[in-house]
Amino acid sequence: MDMHFIRRGEGKPLLLIHGIGGSSRSWELMIDGLAEAGRQVVAVDLPGHGNTPPLPGEVSISTLADAVTSFLENHNLLGIDAVGSSMGARLVLELARRGGVLGAVVALNPGGFWKGWEKPFFYYSVASSKRLLQLLEPVLPALTESPVGRSLLLSQFSAHPWNLSSKLVLEELRSMATSPSFDELLFNLAYGEEQKGTPRGTLSAPLVIGWGKQDRVCFPPQASRAQALFPDASLHWFARCGHFPQWDSPEEAVQLVLTVTSGINYEPLLSAEMNKPVTTRNWAALLGIGLAAAVGGYLLVRPKVG
């Protein structure tokens, strides 16, 4: 099975893998910067996302990893450097663990390191968001045109969604609402097989895990769990950033990727900004998450008509 992808730029290839419900367009704010820096960017639509049809069987991190490996083999791209976001970040961690598939890896806010109450919070908040988007689909263009609308719709995912373009937000939300693989994949991410790690000293290429300090999907304390499973990894904190650094801090994310994949020794950024406490009293975020949970939760449990 092949996957739809976009290719931009010339030079050493670089693979970009989006998160659940996303597509290759999720990287819109980073692609040009990476290409202009001399990388040939290959951004894929995973099976069941964007313009790629779903897998015929089970949809999980394991089967998606198999599909990506097959894609790389078919296009003579084994050993390619890679960047993943959210579910895609967990996917590149899994491919790095398998060995021989990827080169240098940057995993941005990987999912899969939840514990206890964090699992149902992740599952039900995100599932509710999708149900709410389906309900609002006829008015999404109008809502995404408004900074207030973007803030309410994406408050769980971005630290400052009002700054995002209406086009990017509308495309991302529609992709999330229409992905045929979303529901099964979301459940498997939360309650399926847990991510395995790698022993210290076994990775042959650089690995950096990036995390937004204002992530409301994969909370920042989960970063230490990811690093414990991948002890060869370095950890990079994005100071004023939510779940998607490619949206909230695209320039910093581009520089991080170029540094890690160029062979330059990565040194974690330690600054006064990094050490500032992060406030969680963002009323737009709380209202947006609460609205999605309340309305989407009702839609999840209400009886279906017909």
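Put simply, of S179, S234 the only residue that is among the polar types (S, T, N, Q) and more than 22 Å from H18 (Cβ to Cβ) is S234. Among the residues of the range 116-130, those identified as touching a residue at least 40 places away in the same chain (Cβ under 8 Å) and more than 14 Å from F187 (Cβ to Cβ) are E118, S129.
If you go through the range 163-182 and keep only what is over 18 Å from L136 (Cβ atoms) and assigned to a helix (DSSP H, G or I), you end up with just N163.
Residues that are in contact with a Leu (Cβ under 9 Å, 6 or more places away or on another chain) and more than 20 Å from W114 (Cβ to Cβ) within the range 199-230 comprise A205, L207, V208, listed in sequence order. Applying a threshold of 9 Å to beta carbon distances and a minimum spacing of six or more residues, or different chains, the list of pairs starting in the range 139-151 at a residue that is touching a residue at least 12 places away in the same chain (Cβ under 8 Å) and within 8 Å of S166 (Cα to Cα) and ending at one that is of a type in the set (V, I, T) and in a helix (DSSP H, G or I) reads T144/V169; R150/T144; R150/V169. Scanning the range 74-90 for residues that are assigned to a helix (DSSP H, G or I) and either in contact with a Ser or Thr (Cβ under 8 Å, 6 or more places away or on another chain) or closer than 18 Å to V260 by Cα (or both) yields G88, A89, R90. Scanning the range 25-71 for residues being closer than 18 Å to E251 by Cα and either among the acidic types (D, E) or surrounded by 21 or more Cβ atoms within 10 Å (Cβ to Cβ) (or both) gives a total of 11.
Bear in mind that the values in this text are calculations on the coordinates, not laboratory data. Only a predicted model underlies this, so the values are computations on that prediction, with no experimental measurement involved. Positions of Cβ are backbone-derived with ideal geometry, glycine not excepted, and every protein chain shown enters the neighbour counts.
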